[in-house]
Amino acid sequence: MKKRAITRRDFLRVAAMSPFAGAFAYGFRIQEKKEAEKSAKVVLIRDKNALISFKKPNPGVIQKMLDDSITTLLGESDPVSAWKKLVKPSDIVGIKSNVWRPIPTTSEVEQALKARVMDAGVAEDNIGIDDRGVRRNRLFKDATVLINARPARTHHWSGMGGCIKNHIMFVPWPPAYHGDSCADLATLWYKHNLKERTKLNVLLMLNPQFHGIGPHNYSDKYVWEYKGILVSQDPVAVDAIGVRILQAKRREYFGEDRPLQPPAKHIYLADTRHNLGVSDPDKIELIKLGWEEGILI
Amino acid sequence: MEDTPKDDKIALGDLLPQEINGWQAETKDELYDPQTIFDYIDGAGEVYRSYNFKQLLARRFTKEGKPDIVADLFDMDTSKDAFGVFTHDLEGEDAGIGQGSTYNGGLLSFWKDRFFVSLYSEEETEDTRKALFALGEKVASSIQKEGKKPDIVSLLPSENLAEKSAHYFHNHMILNYHFYVSDENILLLDQQTEAALGIYREDNERSYILVVRYPEGKKASQAYESFMLSYMPDATELGLVQTEDLKWTGAKLHQDFVIIIFNAPSRFLATGTIEKVEDRIGQI
């Protein structure tokens, strides 16, 4: 049977029935599969001392932010116990980073994650940090555990670059996923056995980008010092919270509701079409820690 | 004003200087084509591919203690597409360079002839701003000819057309970028179709006029039927429907054109606007 086209009018219908008028702006909340009851947990931590200067993280503060958020996420009292829930000494661990020049994951974050993986008993030789070379990197080919860490930013073709998209480097030809504004990015998590192996998603909100311009889709003008980190074991939930913060910043900055161009529908379809995780804010337990000023959510 | 003929060989590198305000070009330029552009600008490459670009030359300029400047020079093959890709992102102040330009947050963009030029500083300072404008002037003056804008853009009524809101494009991915219509290509847009989209503002209301020209009337007819079936199967005989947000959408087939107005505040405005576009078609 031919698939029926989803049109703008479908979203207008949802918006008309919804108690919140922003349904179209935020997502593609058309349920494509009957959902089983599911939920997710996301921790947002902020610290006003997270950055030494613009784009330069404070290593000690970053380590503490990661420790506090991950122990809260996993219900442990100390970071090593928490990390032992994610990795075991025999694991080979790939820390999937992001090297995008204007806003990279940063070595401060990479090293903070690596330190705790080692504290949990994994040998340094069995820990890789990589982005664009993951398909050639032996440690990533053999990885039994992946830690997914990248900054949040608007993206010219998918709406938002977040944790779901960060695994695109595992595919041989990334443009193959560009169709319909990267609607089906979530499928790569299944095709490349990433869903089970990714034990932690870290969406960096230290200096997120809320708007993009030009071929490089970047200007410092549209980056702000939010000084936050989101962590979750659910890549969809962490992106769903991240995109709400970006949208809130856009509303604050532009003085009107300006949806992302294009909408980051891959986040919602990762849930409703591909069952990768939870995108509905009502089903996400969001725990907020630390600095509250300008939290936007 | 005609496009530089395609057999008029211009080496892209010759259009850019080696030095500007103390910033020196790195020794090696980078060249990209529609297959390799993703290596350079990731998913944004889809935008330039959708405008049929042929080649991109990227040159990085450096100066001790200053942010780098990146010059990206796109050969779009035709002036229509150079203009079109320029209209993809119109935010910013008019920089007065080339045949149309904007400056915003450390990014200077302009088009001239069949070229689209993006000049970008990795951080914005007063010095980089001056250098970008100087570089822009230099590049624009080294492009000798001017090109024609696509005439379909002139079909958009000018009354209430929001400033810097007229976009020219070919395919449905770009349409959806500016105004989401459908996940499927229900208007049968492709690299041969030409489309103009205008955003209209009146009393805080926003409506959208889309005009699409197909290579032939038969294709336009098929596209019109496809759109009506998918988007407004409940339309009246006049091609009008009141949508769920209580606004009006109207569509009409006119020769090899399909004309659509979305979000019109009234049915009268919807029909009146379509008639205006039809009148303009008669004039081109």
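Observations on the model:
- Cα centre as origin, Lys/Arg/Asp/Glu Cβ charges: the protein assembly as shown dipole, Debye: 1420 debye
- Taking Lys and Arg as +1 and Asp and Glu as -1, the other residues whose beta-carbon sits under 13 Å from that of residue B:202 total 0.
- Kirkwood Rh in Å, taken over the protein assembly as shown so that all alpha-carbon pairs contribute: 25.3 Å
- The residues of region A:193-297 have, on average, 31 Å² of accessible surface per residue, using a 1.4 Å probe with all protein chains present.
- Average 1/r across all pairs of distinct alpha carbons in chain A, invert it, and you get the Kirkwood radius: 19.4 Å.
- Longest exposed-site-free window of chain B, the sites being trypsin sites (Lys or Arg not before Pro) in a DSSP loop that have at most 11 other C-beta atoms within 10 Å: B:29-284
- In chain A the longest region clear of chymotrypsin sites (Phe, Trp or Tyr not before Pro) that are loop-assigned by DSSP and have at most 11 other C-beta atoms within 10 Å covers A:55-297.
- Rounded to 10°, Cα long-axis angle of helix A:59-74 versus longest principal axis of chain A: 70 degrees
- Using a probe radius of 1.4 angstrom, the carbon and sulfur fraction of the accessible surface of region B:60-116 is 41%.
- Taking 1.002 mPa s as the viscosity and 20 °C as the temperature, the Stokes-Einstein diffusion coefficient of region A:141-236 based on its alpha-carbon Kirkwood radius rounds to 151 µm²/s.
- Region A:78-191: proportion of alpha-carbon pairs further apart than 20 angstrom, %: 44 percent
- Annotation: amide H of residue A:47 within the under-5 Å range of A:291, sequence separation 5 or more or interchain, hydrogens built in the peptide plane.
- Nearby lysines by direct alpha-carbon distance to residue A:114 (threshold 20 angstrom, same-chain neighbours under 8 apart not counted): A:56, A:64, A:84, A:85, A:88, A:96, A:141, A:199
- Model label points for residue B:164 and residue A:111, set 7 angstrom from Cα along the Cα-to-Cβ axis, are 4.1 nm apart.
- Taking every Cα-Cα distance in chain B and sorting them into 10 Å bins starting at zero, the pair-distance distribution P(r) comes out as 6, 27, 31, 20, 12, 4, 0 percent.
- Rounded accessible area per residue of region A:28-133, 1.4 Å, Å²: 45 Å²
- For q = 0.14, 0.16, 0.19 Å⁻¹, Debye-computed log10 I/I(0) when each Cα of region B:185-284 counts as one equal scatterer: -0.49, -0.64, -0.91
- Across region A:33-97, Cα-Cα distances exceeding 17 Å account for 59% of all pairs.
- Pairs of Lys in region B:1-110 closer than 24 Å at Cα, counting only those 8 or more apart or on different chains: 9
- Over all Cα atoms in region B:71-112, the spread is summed up by Rg and Dmax: 9.7, 28 Å.
- Inter-site label distance for residue A:288 and residue B:266 at 7 Å from Cα along Cβ, in nm: 4.5 nm
- When the other protein chains are added to the chain by itself, burial of at least 20 square angstrom of heavy-atom accessible area (probe 1.4 Å, ligands and nucleic acids ignored) affects these residues of region A:151-186: A:155, A:156, A:157, A:173, A:175, A:178, A:180.
- The charge dipole of region B:11-166, taken about its Cα centre with unit charges on the Cβ of Lys, Arg, Asp and Glu (plus for the first two, minus for the last two), comes to roughly 480 debye.
- Where GluC sites (Glu not before Pro) fall in DSSP loop in region B:126-210, at most 12 other Cβ within 10 Å: B:159, B:163
- Rg [Å, one decimal], Dmax [Å, integer] - region A:151-297, C-alpha atoms: 14.6, 42
- Each residue, residue B:142 and residue A:137, gets one label point 7 Å from its Cα in the Cβ direction; the gap between the two is 3.9 nm.
- Remark: the residue A:191-residue A:80 segment gains 36.8 nm on full extension, using 0.36 nm per residue and subtracting the alpha carbon distance.
- Residues of type aspartates and glutamates that residue B:148 reaches as a straight line, Cα spacing below 12 Å, ignoring anything fewer than 8 places off in the same chain: B:2, B:3, B:81, B:113
The values are calculated or read from the model by the stated rules, or taken from the named source; none is laboratory data. Everything numeric here is computed off the predicted structure, so don't read it as measured data. Backbone-built Cβ (ideal geometry, glycine too); neighbour counts: all protein chains shown. Protein only, heavy atoms only, side chains kept; ligands, DNA and RNA dropped before computing areas. Shrake-Rupley method; radii C 1.70, N 1.55, O 1.52, S 1.80 Å.
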